[in-house]
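All remarks here apply to the structure that follows.
None of the figures in this text is laboratory data; all of them are computed from the coordinates on show. As the structure is a computational prediction, the values presented were derived from the model and not from experiment. Virtual Cβ from ideal backbone geometry, glycine too; neighbours counted across all protein chains shown.
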Amino acid sequence: MEPAPLGEDGLAPDTGAIRTSATLDGDGTCIAQARHLAAEFLVSVQSVHGIPVSQRALDLTQLVVSELVTNARKYAPGPVQLDLRVTGGLVEVEVWDTDPMLPVARAADAGRVGQHGLEIVMAVCQGFEAQREPVGKRITARLALMDDPGGDIAGHRPL
């Protein structure tokens, strides 16, 4: 896993966004590496840049990263690119892999063992999109950095 070079201030060159990237080789350790990178990134967002990050956001970001990288490793041969970016009170998690097939969330089925990852990701995110790239696909999930002071997850409306 090689993090992309950032400026001394932790900002991506030319964008002003707080971000980090890593190319994962797709081996058995890449999921744990991705989760670790996500945790380190959000801790840095809070400690270095002073942007509040709730424990819930940290935990959910690691969960989303884990599920998306797991799917990439399972269904696409080759490397996986993980990009994390903070923008507008959200953390964006982007995962690129070599398989052009877009994922489809399956209908809920309590009897099904496994294959609930995409359902989980879509349930905890404020935004989700999948797009084909010239090679492979890119999945983007957006999560709120903070919970609403009223106790609701920021970005979600109470039912």
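The table below lists the values:
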quantity	calculated
Proxy reagent accessibility, fewest Cβ within 10 Å first, across Asp59, Asp109	Asp109, Asp59
Sequence-distant residues sharing a close amide H with Ser54 (under 5 Å, placed H)	Met146, Asp147
Rough spin-label spacing in nm, given labels placed 7 Å along Cα→Cβ, for Met101 and His36	3.1
Computed label-point distance, nm, for sites Ala108 and Gln55 using a 7 Å Cα→Cβ extension	2.7
Extent along principal axes [Cα atoms of region 2-144; Å; largest to smallest]	46, 30, 26
Two-site label geometry, Val48 and His116: point separation in nm, points 7 Å out along Cα→Cβ	3.6
Interchain or long-range residues, amide H under 5 Å from His49's placed H	none
